[in-house]
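Engineer: Pasting in a structure now, in structure tokens, and then I'll have a few things to ask.
The values are calculated or read from the model by the stated rules, or taken from the named source; none is laboratory data. Model, not experiment: these values are computed from the prediction. We place every Cβ from the backbone using ideal geometry, glycine too, and count neighbours over all the protein chains shown. Ligands, DNA and RNA are stripped out before the accessible areas are found, and what is left, the full protein with its side chains, is counted by its heavy atoms. Shrake-Rupley method; radii C 1.70, N 1.55, O 1.52, S 1.80 Å.
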Amino acid sequence: DGGRPGTPVGAWVKMEITCPNSNSPTIKRWDSGDNMDNDNHRFIVPEEGLYSFTFMVTYNTQNAGHRVFGEIRVNDDSDNAWRVIAVAGGSSQRLTASKTMLLNLSVNDYVELWGQQETGFPQDARAGETYLAGFKFAGEL
């Protein structure tokens with residue numbers, strides 16, 4: 001559901017991504033392999049291979065020039081993270097950073113989505129507008 005409101009501007013925040021409960025009869029199930037760890041907000045890799053991940057981090061911004069970052073971390077390694085930046089053109093708007101990437105992953109690696117807004121309002125990631133999606137390629141490329 002996004003970052004924690006009131007987190008200081010400039011702090012990196014792990015996005016609170018969850019998957020709907022598999023027992024819910026009204027919500028379509030997207031995590032077909034039960035690989036999303038809702039308690040820790042991370043995807044746990046079930047088998048070695050090439051995966052595609054797409055993410056979007058959306059924050060409220062305040063003025064032109066404010067920046068928003070989105071970042072994928074594998075095994076909580078911020079030194080080897082895949083990052084994207086978005087810069088606001090106008091004022092008082094939502095700002096989105098998004099990216100798609102391919103990652104070679106091993107069993108039990110985990111993937112987390114992090115976000116940062118370095119200027120503007122205190123951290124306020126937009127719930128429902130911040131997501132992480134992915135799939136594993138089958139066969140050989």
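Engineer: Taking the stretch 97-136 only, how many residues are open to solvent by 30 Å² or more (accessible area, probe 1.4 Å), at pLDDT below 90 and part of a loop (DSSP other than H, G, I, E, B)?
Structural biologist: The number of residues fulfilling the criteria is 9.
Engineer: Criterion first (among the basic types (Lys, Arg), modelled with pLDDT of 70 or more and either closer than 16 Å to ILE17 by Cβ or open to solvent by less than 50 Å² (accessible area, probe 1.4 Å) (or both)) does ARG73 satisfy it? Steps first, answer last, please.
Structural biologist: Values: among the basic types (Lys, Arg): yes; modelled with pLDDT of 70 or more: yes; either closer than 16 Å to ILE17 by Cβ or open to solvent by less than 50 Å² (accessible area, probe 1.4 Å) (or both): yes.
So ARG73 fits the description; yes.
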